[in-house]
Amino acid sequence: MRIGIDIGSTAAKAAALEGDELVCTLVVPTGFNGVDAAMRLADGLRAQGIDPTACDANVVATGYGRISVPYAGKTVTEITCHGRGATYLFGGNGTIIDVGGQDTKVIQLQDGKVKKFVMNDKCAAGTGKFLEVIADRMGVTQEELATLAAAGEPTQISSMCTVFAESEVISLIGKGEPRENIANGVIESVITKVASLAGNLVQGDVFLTGGLCDNDYVLERLSSHLGKPVCTDPNARYAGAIGAALSI
Amino acid sequence: MAIDRHELWGNLGMDLETHDVLCSVLPQAFGDVYLSQENRPEGMAFWDMVVADVHGIRPQELVDEQAKGRKVFGTFCTYVPDEVVIAADGIVTGLCGGSQFWVPEGEKYLPADMCPLIKASLGARMGKTCPFFRIVDQIVGETTCDGKKKMYEIMAEDVPMYIMNLPNMKRPQDVAAFADEIALFKANVEEVTGNEITVEKLAEAIKVINERRKALARVYETRKNSDVIPISGTDALLMMQIAFFDDPVRCAQMANKLADELEQRLVDGVSVFPAGTKRILLTGTPLAIPNWKLHHIIETSGAAIVCEENCTGTKFFTNLVDESQTTLEGMYQALAERYMKINCACFTPNKTRIDEVLALAKEYKVDGVINTNLKFCTTFKTEAPALEKALEEAGIPVLDIETDYTDNDAEQLRTRIGAFVEMLSE
């Protein structure tokens, strides 16, 4: 049994592999404490008959909170893990775009190996954090935000900065702009930033991993910005955890 | 710290209370980064001693020399020819600010979106929290980047400044123009020091500074060995950072002593990193003391820095000044030719930097290159893609990092650098 634990800034994920078969995936909110999230994942795995703290379990931790997993034997960075997880899900060639809670990564894969990567700066623009903050401000979930956006008219949110964008959204709300239009502008802002980060790194097929991967509208807009189809997989949000399990 | 320096600092008109805050954090930072390393060369003891009393030991020497009538010139840049000052029996000290501590003070006078080195340098002067900035009789600036040029205008209201006009191209007429500029600087130095610069004195000063270059180059030479890494990049950086502040003759002696030890380490097979550690060349903007951030993160992420291609690295000592000139004019030209070979991003075009990085990557047998620029350093940032492309074409993996003096991106950097090292290991 190989187990990968991916402690992201927003969500903590686990993936278990039996041989090369993905037998279990789990996700819990990270909350305030990475160690606590790791322990909740362990409880969840145990409930499915997998004990990550048993001595014969092989556990690798990754993600922002990778040092907070007491039962992991080693840590590997999320860039390498996303590369390996994406190789497992999509094959070893192409470009991976991972929009995470606070990091957005673009990884160029060649024959299953990371050839080149970029990561956003410490700024929240173009990350899930941007969507989280604005969705909170609008009183909707991130899924609802995307649904609203799909029904909205293009609306300009000119600020890259999350804090300034939030005030921009507040003034749009004040002006009585329909929620759908504001949501549209918000999603567009994130996608524009992600596409510019991806820049000339995009090569071959493009795959989206991370928490936004099951969001059809996001996929559609990203495809449009990059000028090529962006594919994903139901397990793509577990790419980091799967890659960690494969790093044993 | 054995000696209480408050009297010295008080006499220099420093803000003692604020400065005490800086003094209280430095030992911790130095301990975390330096003393945690294993198997350090014994020769590092000299630089450890200097940095342990960094605002005391050398400033006291400078003040003592001033009492004898010598003049102290502060500089910011590897383009300012130390030889001219040394020839007039003057003293040169580096001034660049490398700590976030000084940045907020600098931001009182400068836009926030300016590079931290410029902000910290002005902040150190205006905030009266660096003895070197208080001691100097004159500061010598130079027309390198726009940010520094405009900062010098503000600094000039507080302290005597002399600005050298550095051409921004490298055609023969530009080199000749810089030779003329060195002649003007000579007149300025004579005026400030009251000492005449003769052919003999300038020839001697050229030798002194060349000896320093050779000694530092000897230390770097030992880092080219593909099997043994005799010194960490973190330690080599400290030597380079203090070279800017120290007496050039003593600097050469200490570097030669260290080089003796490192050459012996190569013979004995004493490496400070395990076999197979990935070798990194770091290129980009300067790392002024006490900026040890990237070196520390890289060398605690499973890689070793074996060469720094920057102003606190090879740019400081590469290329000697021709010693065969017999006239002042000939020497100005020889100095200009040497200094104009430094490949700073303030020049256009600057393809020679790319060629130099490629050559160094080969000489130092590196596995990868990390190119870094201080946040808001537009010139280095803009030429980064061209450098990256050239390295990729040569099959050398490269990672681009933009950062400043704060520690709040340390974990993100650790992830990126860790991933880069993992990538090199696959």
- Task: Measure up B:Lys68/B:Lys119; B:Lys224/B:Lys257; B:Lys128/B:Lys149 against 23 Å on the Cα-Cα distance and list the ones that go over.
- Result: B:Lys68/B:Lys119
- Query: What list of whole percents do you get for P(r) of the range B:6-425, with Cα-Cα distances grouped in 10 Å bins up to the one holding the largest distance?
  - Reply: 5, 22, 34, 28, 11, 1
- Task: Report, in debye and to the nearest 20, how large the dipole of the protein assembly as shown comes out about its Cα centre when Lys and Arg carry +1 and Asp and Glu carry -1 on their Cβ.
- Result: 620 debye
- Task: May I ask you to sort B:Phe420, B:Phe376 by Cβ crowding, counting other Cβ atoms within 10 Å and putting the fewest first?
- Result: B:Phe376, B:Phe420
- Ranking B:His296, A:His225 by Cβ neighbours within 10 Å, fewest first, what do you get? A:His225, B:His296
- Item | DSSP-defined antiparallel bridges as percent of all bridges, chain A, nearest 5 | 65 percent
- Message: I'd like the distance separating the alpha-carbon centroids of the range B:195-221 and the range B:396-423, in whole Å.
- Response: 37 Å
- Message: I'd like to know which of B:Ala215, B:Val103, B:Leu26 lies farthest towards the positive end of the charge dipole of the range B:6-425, counting +1 on Cβ of Lys and Arg and -1 on Cβ of Asp and Glu.
- Response: B:Ala215
- Task: Can you spot the aspartates and glutamates whose alpha carbon is less than 13 Å from A:Lys228's alpha carbon? Ignore those fewer than 8 places along the same chain.
- Result: A:Asp205, A:Glu220
- Query: Can you give the charge dipole size of chain B about its Cα centre, rounded to the nearest 20 debye, using +1 on the beta carbon of Lys and Arg and -1 on the beta carbon of Asp and Glu?
  - Reply: 520 debye
- Task: Have a look at B:Asp158, B:Asp235, B:Asp246 and tell me which one the Gaussian network model of chain B (Cα, springs below 10 Å) gives the largest fluctuation.
- Result: B:Asp158
- Nearest-20 debye value, the range A:42-187 charge dipole, Cβ charges on Lys, Arg, Asp, Glu: 580 debye
- The residues B:Arg416, B:Arg5, sorted from fewest to most surrounding Cβ atoms within 10 Å, come out as B:Arg5, B:Arg416
- Note on the structure: Highest GNM mean-square fluctuation among A:Arg179, A:Arg84, A:Arg237, for chain A with Cα springs under 10 Å, belongs to A:Arg179
- Message: My understanding is that a pair violates if its Cα-Cα distance is over 20 Å; which of B:Lys150/B:Lys351; B:Lys170/B:Lys214; A:Lys122/B:Lys293; B:Lys214/B:Lys341; B:Lys214/B:Lys278 do that in this structure?
- Response: B:Lys150/B:Lys351; B:Lys170/B:Lys214; B:Lys214/B:Lys278
- Item | chain B: relative contact order in percent, alpha carbon pairs under 8 Å with at least 6 residues between | 18 percent
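None of the figures in this text is laboratory data; all of them are computed from the coordinates on show. In this text, all values refer to a predicted model and were calculated from it rather than measured experimentally. All Cβ positions, even for glycine, are placed from backbone atoms using ideal geometry, and neighbour counts span all protein chains on display.
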